[in-house]
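Below: the structure, in C-alpha coordinates.
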Amino acid sequence: MEKKIAWETYKAKDVKAAEKFAGEYIDFISVGKTERECVKLSVEMAKAAGYKDLSEVVKKKGKLKAGDKVYQVWMKKSIALFNIGSDPIEDGMAILGAHIDSPRMDVKQNPLFEDGGMAYLDTHYYGGIKKYQWVTVPLAIHGVVAKKDGSVIDITIGEDEADPVFCVTDILIHLAGDQMDKKASKAIEGEQLDILFGSKPLAGKEKDAVKENILKLLKDKYDFEEEDFESAELEITPAGRARFAGLDKSLILAYGQDDKVCAYPSLVAMLNVKNVKKTSCCLLVDKEEIGSVGATGMRSKFFENAVAEIIDRMGDYSDLKLKRCLANSMMLSSDVTAGYDPEFASCFEKKNVAYMGKGVAFSKFTGSRGKSGSNDANAEYMAKIRAIMEKGKVNYQTAELGKVDVGGGGTIAYILALYGMDVIDCGVPVLCMHAPWEVTSVADVYEAYKAYVAFISY
Ligand code: MN
Ligand code: MN
(Lines give C-alpha, C1' and ligand atoms only; values in the text may rest on other atoms or scores of the structure.)
(Ligands and ions follow the chains in the order given, each with its own letter.)
Protein backbone atom coordinates (compact mmCIF):
# COMPACT_ATOMS: atom_id res chain seq x y z
CA MET A 1 0.00 0.00 0.00
CA GLU A 2 3.00 2.29 0.34
CA LYS A 3 3.17 4.85 -2.46
CA LYS A 4 6.37 5.98 -4.14
CA ILE A 5 7.67 9.53 -3.94
CA ALA A 6 6.89 10.98 -7.37
CA TRP A 7 10.44 12.31 -7.80
CA GLU A 8 11.72 8.71 -7.68
CA THR A 9 9.53 7.80 -10.64
CA TYR A 10 10.68 10.75 -12.76
CA LYS A 11 13.03 10.70 -15.70
CA ALA A 12 14.99 13.91 -16.41
CA LYS A 13 12.30 15.14 -18.78
CA ASP A 14 9.60 14.68 -16.11
CA VAL A 15 11.63 16.69 -13.58
CA LYS A 16 11.99 19.43 -16.16
CA ALA A 17 8.28 19.39 -16.99
CA ALA A 18 7.28 19.50 -13.30
CA GLU A 19 9.61 22.42 -12.59
CA LYS A 20 8.39 24.31 -15.63
CA PHE A 21 4.76 23.78 -14.66
CA ALA A 22 5.49 24.91 -11.10
CA GLY A 23 7.18 28.06 -12.38
CA GLU A 24 4.10 28.94 -14.43
CA TYR A 25 1.90 28.22 -11.42
CA ILE A 26 4.07 30.51 -9.28
CA ASP A 27 3.57 33.31 -11.83
CA PHE A 28 -0.20 32.74 -11.83
CA ILE A 29 -0.62 32.66 -8.07
CA SER A 30 1.61 35.70 -7.57
CA VAL A 31 -0.85 37.78 -9.60
CA GLY A 32 -4.10 35.89 -8.96
CA LYS A 33 -4.47 36.33 -5.22
CA THR A 34 -8.22 36.98 -5.13
CA GLU A 35 -11.23 35.40 -6.81
CA ARG A 36 -11.69 38.44 -9.06
CA GLU A 37 -8.05 38.34 -10.16
CA CYS A 38 -8.21 34.59 -10.82
CA VAL A 39 -11.33 35.01 -12.95
CA LYS A 40 -9.67 37.79 -14.93
CA LEU A 41 -6.58 35.65 -15.58
CA SER A 42 -8.72 32.61 -16.43
CA VAL A 43 -10.71 34.57 -19.01
CA GLU A 44 -7.51 35.82 -20.65
CA MET A 45 -6.12 32.28 -20.83
CA ALA A 46 -9.43 30.85 -22.04
CA LYS A 47 -9.76 33.42 -24.82
CA ALA A 48 -6.21 32.68 -25.96
CA ALA A 49 -7.19 28.98 -26.13
CA GLY A 50 -10.19 29.73 -28.36
CA TYR A 51 -12.95 29.90 -25.75
CA LYS A 52 -15.95 32.21 -26.34
CA ASP A 53 -18.17 33.99 -23.84
CA LEU A 54 -21.36 31.94 -23.41
CA SER A 55 -23.35 35.11 -22.64
CA GLU A 56 -22.42 36.46 -26.08
CA VAL A 57 -23.44 33.19 -27.77
CA VAL A 58 -26.79 33.34 -25.97
CA LYS A 59 -27.30 37.03 -26.79
CA LYS A 60 -26.60 36.44 -30.50
CA LYS A 61 -28.73 33.28 -30.51
CA GLY A 62 -25.69 31.35 -31.73
CA LYS A 63 -25.51 27.56 -32.01
CA LEU A 64 -23.18 25.24 -30.12
CA LYS A 65 -21.88 21.85 -31.27
CA ALA A 66 -19.20 19.30 -30.46
CA GLY A 67 -15.76 20.92 -30.42
CA ASP A 68 -17.07 24.34 -29.35
CA LYS A 69 -15.52 25.91 -26.28
CA VAL A 70 -17.29 28.45 -24.08
CA TYR A 71 -16.97 30.06 -20.66
CA GLN A 72 -19.46 31.71 -18.33
CA VAL A 73 -18.36 34.26 -15.73
CA TRP A 74 -20.58 35.02 -12.78
CA MET A 75 -20.29 38.46 -11.07
CA LYS A 76 -16.58 38.56 -11.92
CA LYS A 77 -15.87 36.03 -9.14
CA SER A 78 -16.71 32.57 -10.48
CA ILE A 79 -16.18 30.97 -13.86
CA ALA A 80 -17.33 27.78 -15.59
CA LEU A 81 -15.60 26.59 -18.76
CA PHE A 82 -17.05 24.00 -21.13
CA ASN A 83 -15.48 22.04 -23.97
CA ILE A 84 -18.33 20.31 -25.79
CA GLY A 85 -17.59 16.67 -26.50
CA SER A 86 -18.69 14.35 -29.30
CA ASP A 87 -20.85 12.19 -26.98
CA PRO A 88 -24.46 13.34 -26.31
CA ILE A 89 -24.40 15.91 -23.50
CA GLU A 90 -27.13 14.07 -21.57
CA ASP A 91 -24.60 11.24 -21.15
CA GLY A 92 -22.88 13.56 -18.68
CA MET A 93 -19.80 15.71 -18.32
CA ALA A 94 -16.39 15.29 -16.75
CA ILE A 95 -16.15 18.16 -14.28
CA LEU A 96 -13.06 19.61 -12.63
CA GLY A 97 -14.08 21.83 -9.72
CA ALA A 98 -11.97 23.96 -7.41
CA HIS A 99 -12.33 27.20 -5.47
CA ILE A 100 -10.48 30.46 -6.00
CA ASP A 101 -11.28 32.34 -2.79
CA SER A 102 -8.76 32.07 0.04
CA PRO A 103 -8.65 33.02 3.72
CA ARG A 104 -7.77 36.69 4.23
CA MET A 105 -8.91 39.87 5.96
CA ASP A 106 -11.65 42.02 4.40
CA VAL A 107 -11.85 45.78 4.96
CA LYS A 108 -15.03 46.74 6.84
CA GLN A 109 -17.65 49.06 5.32
CA ASN A 110 -16.79 51.89 7.75
CA PRO A 111 -13.13 51.09 8.27
CA LEU A 112 -11.01 54.23 8.61
CA PHE A 113 -10.10 55.62 12.02
CA GLU A 114 -7.30 57.46 13.75
CA ASP A 115 -5.78 56.67 17.14
CA GLY A 116 -2.46 57.62 18.73
CA GLY A 117 -1.51 59.71 15.71
CA MET A 118 -1.89 56.76 13.35
CA ALA A 119 -4.59 55.82 10.84
CA TYR A 120 -6.01 52.31 10.62
CA LEU A 121 -8.34 50.27 8.43
CA ASP A 122 -10.61 48.00 10.44
CA THR A 123 -11.09 44.48 9.02
CA HIS A 124 -13.27 41.41 9.40
CA TYR A 125 -11.43 38.19 8.64
CA TYR A 126 -12.70 35.84 5.92
CA GLY A 127 -12.48 32.08 6.36
CA GLY A 128 -10.78 30.12 9.09
CA ILE A 129 -7.52 31.72 10.17
CA LYS A 130 -5.15 31.53 13.11
CA LYS A 131 -5.34 35.26 13.81
CA TYR A 132 -1.90 35.38 15.46
CA GLN A 133 -0.30 34.39 12.13
CA TRP A 134 -1.48 37.57 10.39
CA VAL A 135 0.38 40.16 12.48
CA THR A 136 3.78 41.67 11.56
CA VAL A 137 3.82 40.29 8.01
CA PRO A 138 3.80 42.56 4.95
CA LEU A 139 0.29 42.89 3.56
CA ALA A 140 -1.24 44.11 0.30
CA ILE A 141 -4.69 45.42 -0.64
CA HIS A 142 -6.53 43.87 -3.58
CA GLY A 143 -10.04 44.73 -4.62
CA VAL A 144 -12.53 47.19 -5.99
CA VAL A 145 -14.34 50.34 -5.00
CA ALA A 146 -17.72 50.59 -6.71
CA LYS A 147 -19.09 54.11 -6.97
CA LYS A 148 -22.65 55.40 -7.15
CA ASP A 149 -22.17 56.49 -10.77
CA GLY A 150 -21.62 52.84 -11.74
CA SER A 151 -17.86 53.09 -12.17
CA VAL A 152 -15.64 50.51 -10.49
CA ILE A 153 -12.09 51.36 -9.43
CA ASP A 154 -9.58 48.51 -9.33
CA ILE A 155 -7.19 48.71 -6.41
CA THR A 156 -3.92 46.81 -5.97
CA ILE A 157 -1.45 48.28 -3.49
CA GLY A 158 1.54 46.46 -2.06
CA GLU A 159 2.60 44.13 -4.86
CA ASP A 160 4.76 46.44 -6.96
CA GLU A 161 8.29 47.02 -5.58
CA ALA A 162 7.58 50.78 -5.57
CA ASP A 163 4.33 50.36 -3.59
CA PRO A 164 4.08 50.71 0.17
CA VAL A 165 2.91 47.64 2.12
CA PHE A 166 0.73 47.39 5.22
CA CYS A 167 0.73 45.39 8.44
CA VAL A 168 -1.08 44.52 11.64
CA THR A 169 0.99 45.27 14.71
CA ASP A 170 1.64 42.98 17.69
CA ILE A 171 2.66 43.84 21.25
CA LEU A 172 6.40 43.72 21.96
CA ILE A 173 7.58 40.62 23.84
CA HIS A 174 8.71 42.83 26.75
CA LEU A 175 5.09 43.71 27.52
CA ALA A 176 3.48 40.48 26.35
CA GLY A 177 3.30 38.67 29.69
CA ASP A 178 -0.51 38.62 29.75
CA GLN A 179 -0.79 37.84 26.03
CA MET A 180 1.64 34.92 26.19
CA ASP A 181 -0.42 33.30 28.93
CA LYS A 182 -3.57 33.37 26.75
CA LYS A 183 -4.88 30.54 24.61
CA ALA A 184 -3.55 30.86 21.02
CA SER A 185 -7.11 31.55 19.81
CA LYS A 186 -7.25 34.60 22.11
CA ALA A 187 -3.68 35.90 21.75
CA ILE A 188 -4.82 38.14 18.88
CA GLU A 189 -8.54 38.94 18.75
CA GLY A 190 -10.57 39.62 15.61
CA GLU A 191 -11.00 43.29 16.48
CA GLN A 192 -7.22 43.69 16.81
CA LEU A 193 -6.79 42.90 13.12
CA ASP A 194 -6.57 46.56 12.11
CA ILE A 195 -4.35 47.51 9.22
CA LEU A 196 -1.78 50.22 9.97
CA PHE A 197 -2.54 52.68 7.19
CA GLY A 198 -0.58 55.90 7.82
CA SER A 199 0.88 58.38 10.29
CA LYS A 200 1.42 61.70 8.53
CA PRO A 201 -0.91 64.59 9.46
CA LEU A 202 -2.48 66.91 6.90
CA ALA A 203 -1.06 70.40 7.35
CA GLY A 204 -3.48 72.91 8.83
CA LYS A 205 -5.84 70.28 10.29
CA GLU A 206 -6.24 69.89 14.04
CA LYS A 207 -8.64 66.99 14.49
CA ASP A 208 -7.92 63.57 12.92
CA ALA A 209 -5.25 65.16 10.74
CA VAL A 210 -3.67 61.80 9.86
CA LYS A 211 -7.00 60.35 8.76
CA GLU A 212 -7.69 63.57 6.80
CA ASN A 213 -4.38 63.15 5.00
CA ILE A 214 -5.24 59.53 4.12
CA LEU A 215 -8.60 60.65 2.73
CA LYS A 216 -6.87 63.30 0.63
CA LEU A 217 -4.45 60.67 -0.75
CA LEU A 218 -7.32 58.31 -1.56
CA LYS A 219 -9.15 61.10 -3.37
CA ASP A 220 -6.10 62.38 -5.27
CA LYS A 221 -4.66 59.00 -6.20
CA TYR A 222 -7.63 56.65 -6.44
CA ASP A 223 -10.53 59.08 -6.87
CA PHE A 224 -12.81 57.89 -4.08
CA GLU A 225 -14.21 59.35 -0.86
CA GLU A 226 -14.64 57.90 2.61
CA GLU A 227 -18.30 57.03 2.03
CA ASP A 228 -17.30 54.93 -1.01
CA PHE A 229 -15.89 52.35 1.42
CA GLU A 230 -19.55 51.40 1.88
CA SER A 231 -19.53 49.82 -1.57
CA ALA A 232 -15.97 48.55 -1.65
CA GLU A 233 -14.56 45.03 -1.57
CA LEU A 234 -10.99 45.41 -0.38
CA GLU A 235 -9.21 42.19 0.49
CA ILE A 236 -6.04 42.15 2.57
CA THR A 237 -3.60 39.44 1.51
CA PRO A 238 0.07 38.82 2.24
CA ALA A 239 2.23 41.01 0.00
CA GLY A 240 4.82 39.65 -2.40
CA ARG A 241 5.39 36.90 -4.89
CA ALA A 242 5.18 33.16 -4.44
CA ARG A 243 8.58 31.44 -4.41
CA PHE A 244 10.22 28.07 -4.87
CA ALA A 245 11.19 26.80 -1.41
CA GLY A 246 13.84 24.43 -0.05
CA LEU A 247 17.46 24.34 -1.14
CA ASP A 248 16.49 21.81 -3.81
CA LYS A 249 13.59 24.01 -4.93
CA SER A 250 11.24 21.04 -4.58
CA LEU A 251 8.57 23.03 -2.71
CA ILE A 252 6.48 26.15 -3.26
CA LEU A 253 5.78 28.82 -0.66
CA ALA A 254 2.78 30.96 -1.59
CA TYR A 255 -0.32 32.71 -0.33
CA GLY A 256 -3.71 31.26 -1.31
CA GLN A 257 -2.62 27.80 -2.44
CA ASP A 258 -5.89 26.64 -0.88
CA ASP A 259 -7.27 26.28 -3.44
CA LYS A 260 -5.47 27.86 -6.40
CA VAL A 261 -3.05 24.93 -6.32
CA CYS A 262 -5.96 22.83 -7.58
CA ALA A 263 -7.67 25.61 -9.57
CA TYR A 264 -4.65 26.42 -11.75
CA PRO A 265 -3.81 22.83 -12.81
CA SER A 266 -7.54 22.23 -13.44
CA LEU A 267 -7.73 25.28 -15.68
CA VAL A 268 -4.56 24.44 -17.61
CA ALA A 269 -5.66 20.81 -18.08
CA MET A 270 -9.03 22.08 -19.33
CA LEU A 271 -7.41 24.43 -21.84
CA ASN A 272 -4.78 21.92 -23.02
CA VAL A 273 -7.09 18.96 -23.73
CA LYS A 274 -8.60 20.13 -27.01
CA ASN A 275 -10.77 17.26 -28.20
CA VAL A 276 -12.96 15.30 -25.81
CA LYS A 277 -15.64 12.64 -26.12
CA LYS A 278 -17.36 13.51 -22.85
CA THR A 279 -18.07 17.24 -22.52
CA SER A 280 -15.47 18.59 -20.09
CA CYS A 281 -16.07 21.36 -17.63
CA CYS A 282 -13.86 23.35 -15.31
CA LEU A 283 -15.55 25.16 -12.44
CA LEU A 284 -13.63 27.76 -10.46
CA VAL A 285 -15.84 29.12 -7.71
CA ASP A 286 -15.91 31.73 -4.97
CA LYS A 287 -16.98 31.63 -1.29
CA GLU A 288 -15.92 28.05 -0.45
CA GLU A 289 -14.08 29.29 2.62
CA ILE A 290 -17.29 30.70 4.10
CA GLY A 291 -19.57 27.79 3.22
CA SER A 292 -20.07 28.07 -0.58
CA VAL A 293 -22.80 30.64 0.03
CA GLY A 294 -23.90 33.64 -2.02
CA ALA A 295 -24.58 34.11 -5.72
CA THR A 296 -20.99 33.20 -6.63
CA GLY A 297 -20.60 30.22 -4.27
CA MET A 298 -21.10 26.63 -5.40
CA ARG A 299 -24.55 26.49 -3.82
CA SER A 300 -25.70 29.18 -6.29
CA LYS A 301 -27.60 28.06 -9.39
CA PHE A 302 -25.21 29.81 -11.79
CA PHE A 303 -23.57 26.54 -12.85
CA GLU A 304 -26.86 24.72 -13.47
CA ASN A 305 -28.11 27.77 -15.40
CA ALA A 306 -24.99 27.79 -17.57
CA VAL A 307 -25.44 24.09 -18.42
CA ALA A 308 -29.10 24.81 -19.28
CA GLU A 309 -28.03 27.60 -21.64
CA ILE A 310 -25.55 25.26 -23.35
CA ILE A 311 -28.12 22.51 -23.87
CA ASP A 312 -30.50 25.17 -25.19
CA ARG A 313 -27.89 26.48 -27.66
CA MET A 314 -27.25 22.90 -28.79
CA GLY A 315 -30.78 22.70 -30.15
CA ASP A 316 -33.38 21.04 -27.99
CA TYR A 317 -33.49 22.00 -24.35
CA SER A 318 -35.60 20.11 -21.90
CA ASP A 319 -35.56 19.99 -18.12
CA LEU A 320 -35.16 16.24 -18.29
CA LYS A 321 -32.14 16.53 -20.56
CA LEU A 322 -30.51 18.96 -18.10
CA LYS A 323 -31.22 16.62 -15.18
CA ARG A 324 -29.81 13.63 -17.07
CA CYS A 325 -26.72 15.59 -18.05
CA LEU A 326 -26.01 16.54 -14.43
CA ALA A 327 -26.85 13.13 -12.93
CA ASN A 328 -24.68 11.30 -15.46
CA SER A 329 -21.69 13.55 -14.86
CA MET A 330 -18.60 12.67 -12.88
CA MET A 331 -16.62 15.16 -10.90
CA LEU A 332 -13.30 15.71 -9.21
CA SER A 333 -13.94 18.10 -6.36
CA SER A 334 -10.42 19.37 -6.12
CA ASP A 335 -9.39 20.94 -2.89
CA VAL A 336 -6.24 20.82 -0.84
CA THR A 337 -5.71 18.28 1.89
CA ALA A 338 -3.37 18.31 4.87
CA GLY A 339 0.15 17.13 4.08
CA TYR A 340 1.90 15.05 6.75
CA ASP A 341 3.93 17.38 8.96
CA PRO A 342 6.40 15.48 11.18
CA GLU A 343 6.54 18.50 13.52
CA PHE A 344 2.90 17.80 14.36
CA ALA A 345 2.90 14.03 13.85
CA SER A 346 0.28 13.40 16.55
CA CYS A 347 -2.42 15.07 14.40
CA PHE A 348 -2.09 12.43 11.66
CA GLU A 349 -2.66 8.73 11.20
CA LYS A 350 0.39 7.65 9.25
CA LYS A 351 -1.21 5.05 6.97
CA ASN A 352 -4.00 7.36 5.84
CA VAL A 353 -2.41 10.75 5.34
CA ALA A 354 -1.12 12.55 2.27
CA TYR A 355 2.65 12.78 2.07
CA MET A 356 4.41 15.69 0.39
CA GLY A 357 5.70 14.51 -2.97
CA LYS A 358 3.66 11.32 -3.24
CA GLY A 359 1.30 12.87 -5.73
CA VAL A 360 -2.30 14.03 -5.92
CA ALA A 361 -4.39 12.78 -2.99
CA PHE A 362 -7.88 11.26 -3.22
CA SER A 363 -10.13 11.46 -0.18
CA LYS A 364 -13.09 9.10 -0.41
CA PHE A 365 -14.64 11.20 2.32
CA THR A 366 -13.95 14.39 4.27
CA GLY A 367 -16.02 15.84 7.14
CA SER A 368 -15.53 15.51 10.87
CA ARG A 369 -16.88 13.60 13.88
CA GLY A 370 -17.84 10.44 11.99
CA LYS A 371 -17.62 11.76 8.39
CA SER A 372 -20.30 14.36 9.16
CA GLY A 373 -20.79 16.82 6.30
CA SER A 374 -18.90 14.59 3.89
CA ASN A 375 -19.70 13.45 0.36
CA ASP A 376 -18.25 9.92 0.78
CA ALA A 377 -17.71 8.73 -2.79
CA ASN A 378 -18.91 5.34 -4.05
CA ALA A 379 -16.44 2.46 -4.08
CA GLU A 380 -17.31 1.82 -7.74
CA TYR A 381 -16.42 5.40 -8.63
CA MET A 382 -13.12 5.20 -6.73
CA ALA A 383 -12.32 2.02 -8.68
CA LYS A 384 -12.90 3.91 -11.92
CA ILE A 385 -10.66 6.73 -10.67
CA ARG A 386 -7.91 4.20 -9.93
CA ALA A 387 -8.17 2.91 -13.49
CA ILE A 388 -8.06 6.44 -14.91
CA MET A 389 -5.02 7.37 -12.83
CA GLU A 390 -3.20 4.19 -13.79
CA LYS A 391 -3.88 4.80 -17.46
CA GLY A 392 -2.60 8.38 -17.15
CA LYS A 393 0.51 7.16 -15.24
CA VAL A 394 -0.38 9.53 -12.41
CA ASN A 395 1.31 9.30 -9.01
CA TYR A 396 -1.60 9.36 -6.58
CA GLN A 397 -2.26 8.53 -2.94
CA THR A 398 -5.34 8.17 -0.76
CA ALA A 399 -5.71 10.31 2.36
CA GLU A 400 -7.84 11.58 5.18
CA LEU A 401 -7.48 15.14 6.44
CA GLY A 402 -6.14 14.01 9.83
CA LYS A 403 -6.54 11.54 12.64
CA VAL A 404 -10.11 10.52 13.49
CA ASP A 405 -11.65 13.01 15.96
CA VAL A 406 -8.78 15.49 15.70
CA GLY A 407 -10.65 17.84 13.39
CA GLY A 408 -11.87 17.87 9.80
CA GLY A 409 -13.07 20.01 6.96
CA GLY A 410 -15.47 20.27 4.04
CA THR A 411 -15.35 21.06 0.33
CA ILE A 412 -17.78 21.73 -2.53
CA ALA A 413 -18.12 17.97 -3.22
CA TYR A 414 -21.47 17.47 -1.47
CA ILE A 415 -23.11 20.27 -3.47
CA LEU A 416 -22.54 18.71 -6.90
CA ALA A 417 -23.43 15.32 -5.45
CA LEU A 418 -26.95 16.71 -4.89
CA TYR A 419 -27.55 16.15 -8.62
CA GLY A 420 -26.86 12.46 -8.11
CA MET A 421 -23.54 12.53 -9.92
CA ASP A 422 -20.35 10.74 -8.89
CA VAL A 423 -18.08 13.09 -6.96
CA ILE A 424 -14.82 12.46 -5.17
CA ASP A 425 -12.51 14.80 -3.30
CA CYS A 426 -9.01 15.07 -4.59
CA GLY A 427 -6.26 17.61 -4.31
CA VAL A 428 -2.75 18.65 -3.50
CA PRO A 429 -1.30 18.13 0.00
CA VAL A 430 -0.45 21.41 1.77
CA LEU A 431 1.57 22.27 4.86
CA CYS A 432 0.29 25.09 7.10
CA MET A 433 -3.01 25.39 5.22
CA HIS A 434 -4.79 28.75 5.76
CA ALA A 435 -1.58 30.42 7.00
CA PRO A 436 -0.42 33.59 5.19
CA TRP A 437 2.15 31.42 3.41
CA GLU A 438 1.35 27.79 2.60
CA VAL A 439 3.69 25.06 1.36
CA THR A 440 3.14 22.57 -1.47
CA SER A 441 5.37 20.16 -3.41
CA VAL A 442 6.39 20.87 -7.02
CA ALA A 443 5.87 17.19 -7.85
CA ASP A 444 2.35 17.12 -6.37
CA VAL A 445 1.27 20.18 -8.35
CA TYR A 446 2.46 18.50 -11.54
CA GLU A 447 0.79 15.20 -10.63
CA ALA A 448 -2.48 17.09 -10.02
CA TYR A 449 -2.23 18.53 -13.52
CA LYS A 450 -1.58 15.03 -14.95
CA ALA A 451 -4.56 13.67 -12.98
CA TYR A 452 -6.88 16.33 -14.38
CA VAL A 453 -5.71 15.71 -17.94
CA ALA A 454 -6.25 11.95 -17.45
CA PHE A 455 -9.72 12.55 -15.98
CA ILE A 456 -11.11 14.69 -18.79
CA SER A 457 -9.37 12.66 -21.51
CA TYR A 458 -10.80 9.35 -20.25
MN1 MN B 1 -10.13 24.63 0.15
MN1 MN C 1 -9.74 26.20 2.99
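The values are calculated or read from the model by the stated rules, or taken from the named source; none is laboratory data. This structure is a prediction, so every number in the text was calculated from the model and none was measured. Every residue, glycine as well, gets a Cβ built from its backbone with ideal geometry; the counts of neighbours run over all protein chains shown. To get the accessible areas, we keep the full protein, side chains included, count just its heavy atoms, and leave off ligands, DNA and RNA. Shrake-Rupley method; radii C 1.70, N 1.55, O 1.52, S 1.80 Å.
With q set to 0.13, 0.16, 0.17, 0.25 Å⁻¹, the log10 of I(q)/I(0) for segment 135-236, from the Debye formula over equal scatterers at the Cα positions, is -0.63, -0.87, -0.95, -1.35.
Hey, if we sort ARG386, ARG243 by accessible area with the 1.4 Å probe, largest down, what's the order?
ARG243, ARG386
Among beta bridges from DSSP that stay inside the chain, the antiparallel ones total about 70%.
How many angstrom lie between the Cα centre of segment 267-311 and the Cα centre of segment 17-56? Here the answer is 15 Å between Cα centres.
Taking Cα atoms only, the orientation of helix 379-391 departs from the longest principal axis of the chain by about 90 degrees. Taking GluC sites (Glu not before Pro) across segment 188-261, the ones in a DSSP loop with at most 16 further Cβ atoms lying within 10 angstrom of their Cβ are GLU189, GLU206, GLU225. Computing the accessible area with a 1.4 Å probe over protein heavy atoms, can you report the carbon and sulfur percentage for segment 133-197? For segment 133-197, the apolar C and S fraction of the accessible surface comes to 55 percent.
The three principal axes of the Cα atoms in segment 313-458 give end-to-end lengths of 57, 33, 31 Å, sorted in falling order.
On average, how much accessible surface per residue is there in segment 240-315, in Å², for a 1.4 Å probe, leaving out ligands, DNA and RNA?
35 Å²
With contributions of -39500 (n - 2.57) from each DSSP H run of at least four residues, the per-residue ellipticity at 222 nm computed over the chain stands at -8500 deg cm²/dmol. Rolling a 1.4 Å probe across the protein heavy atoms gives segment 23-132 an accessible surface of 41 Å² per residue. Take segment 329-458 with all the other protein chains still there, run a 1.4 Å probe, and you get 40 Å² of accessible area per residue. Taking the DSSP beta bridges with both ends in segment 315-458, the antiparallel portion is around 35 percent. Let a ≥ b ≥ c be the square roots of the eigenvalues of the Cα gyration tensor of segment 360-444; is it rounded (a/c under 1.5), or, if not, prolate (a/b larger than b/c) or oblate? Taking the square roots of the gyration eigenvalues as a ≥ b ≥ c, segment 360-444 is oblate.
Accessible area per residue (1.4 Å probe, heavy atoms of protein chains only) ranks HIS174, HIS434, HIS124, HIS142 as HIS174, HIS124, HIS434, HIS142, with the largest value leading.
Each residue of the chain gets 161 Å³ once the volume of the Cα convex hull is shared out per residue.
Ligands, DNA and RNA left out, the accessible area of segment 316-374 computed with a 1.4 Å probe is 52% carbon and sulfur. Across the accessible surface of segment 22-99, with the other protein chains kept in place and a 1.4 Å probe, carbon and sulfur atoms take up 58 percent.
At 1.567 mPa s and 4 °C, plugging the Kirkwood radius over alpha-carbon pairs of segment 241-307 into Stokes-Einstein gives what diffusion coefficient in µm²/s? In µm²/s, the coefficient is 90. The overall shape of segment 184-278 is prolate: from the C-alpha gyration tensor, with semi-axes ordered a ≥ b ≥ c, the ratio a/c is 1.5 or greater and a/b exceeds b/c. What does the C-alpha gyration tensor say about the overall shape of segment 207-362? Classify as rounded when a/c is under 1.5, otherwise prolate if a/b is larger than b/c, or oblate. Taking the square roots of the gyration eigenvalues as a ≥ b ≥ c, segment 207-362 is oblate.
When you filter the chymotrypsin sites (Phe, Trp or Tyr not before Pro) in segment 16-65 for DSSP loop state and at most 16 other Cβ atoms inside 10 Å of their Cβ, nothing is left.
Distances longer than 23 Å among the Cα atoms of segment 22-111: what percent of all pairs is that?
Of all Cα-Cα distances in segment 22-111, 36 percent exceed 23 Å.
May I ask you to rank VAL57, VAL445, VAL404 by accessible area, largest first, using a 1.4 Å probe over the protein chains only?
In descending accessible area the options line up as VAL404, VAL57, VAL445.
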